[in-house]
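First comes the structure, then the notes that go with it.
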Amino acid sequence: MILGFFLFALLPLYGVIGTAVLWGLLPFLLAATAALYYALRRNQRDRRILEDLTVSPETTRLIRTNPKGDSQDWESNTYWVKVACHEQGGPVPYYVTLKGQGREVEIGAFLSEDERKALFSDLTDAVRRAAHPC
């Protein structure tokens, strides 16, 4: 894909082969290709974030696997779990957190704003149903 972009971007430069203009434009083409390569690699790495949330009547457990492979674990009694949505003041708008066992953890920070709003609503309902099964 990167090679295809580079070759396609070279097409307009065929008219200036053998001139000094080619050497003036070539660094910008190489910089654009390097930026595209970096962005694709970064996106591929960031896609490896995985959050696994389990909500049962007894416990709520969140396991987050980071892009580098290390994992973080959080667990609390479902009855005491509080779901919060911070519209402002967090790293992203509509920042969703779970609080319990004296810790507050983020969930879904990599989602879009609309997805975080839906996540907050779904999580609130799921925790309420699990904590108070009637």
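Each residue of segment 57-74 is assigned a 3J(HN,Hα), and the resulting list reads x, 8, 9, 10, 10, 10, 10, 10, 9, 7, x, 7, x, 6, 10, 10, 10, 9 Hz, derived from the Karplus form 6.51 cos²θ - 1.76 cosθ + 1.60 (θ = phi - 60°), x at Gly and Pro.
Shape of the chain from the C-alpha gyration tensor: prolate (a/c of 1.5 or more and a/b above b/c, with a ≥ b ≥ c the square roots of its eigenvalues). Here the 3J(HN,Hα) profile of segment 34-42, calculated from phi with Karplus coefficients 6.51, -1.76 and 1.60 at θ = phi - 60°, is 5, 5, 5, 4, 4, 5, 5, 5, 5 Hz, Gly and Pro shown as x. Ellipsoid fit via the Cα gyration tensor, segment 2-46: semi-axes of 26, 10, 5 Å, each the root of five times an eigenvalue, largest first. Kindly identify segment 92-134 as rounded, prolate or oblate by the Cα gyration tensor criterion: order the square roots of the eigenvalues as a ≥ b ≥ c, call it rounded if a/c is under 1.5, otherwise compare a/b with b/c, prolate if a/b is larger, else oblate. It comes out oblate by the Cα gyration axes.
The local environment of LEU40, defined by Cβ-Cβ distances under 13 Å, has a net charge of +3 under the rule Lys, Arg +1 and Asp, Glu -1.
Estimated from helices alone, the mean residue ellipticity of the chain at 222 nm is -14000 deg cm²/dmol (sum of -39500 (n - 2.57) over DSSP H runs with n ≥ 4, per residue).
As a rough footprinting exposure proxy, the listed residues THR60, THR124, THR97 were ranked by other beta carbons within 10 Å of their own, and the order from fewest upward is THR124, THR97, THR60.
Counting beta carbons within 10 Å around each of LEU62, LEU3 and listing the fewest first gives the order LEU3, LEU62. For the chain, averaging the sequence separation of C-alpha pairs within contact (under 8 Å, six or more residues apart) and dividing by the residue count gives a relative contact order of 16 percent.
Bear in mind that the values in this text are calculations on the coordinates, not laboratory data. Model, not experiment: these values are computed from the prediction. Neighbour counts are summed over all protein chains in view; Cβ atoms, including those assigned to glycine, are modelled from backbone coordinates with ideal geometry.
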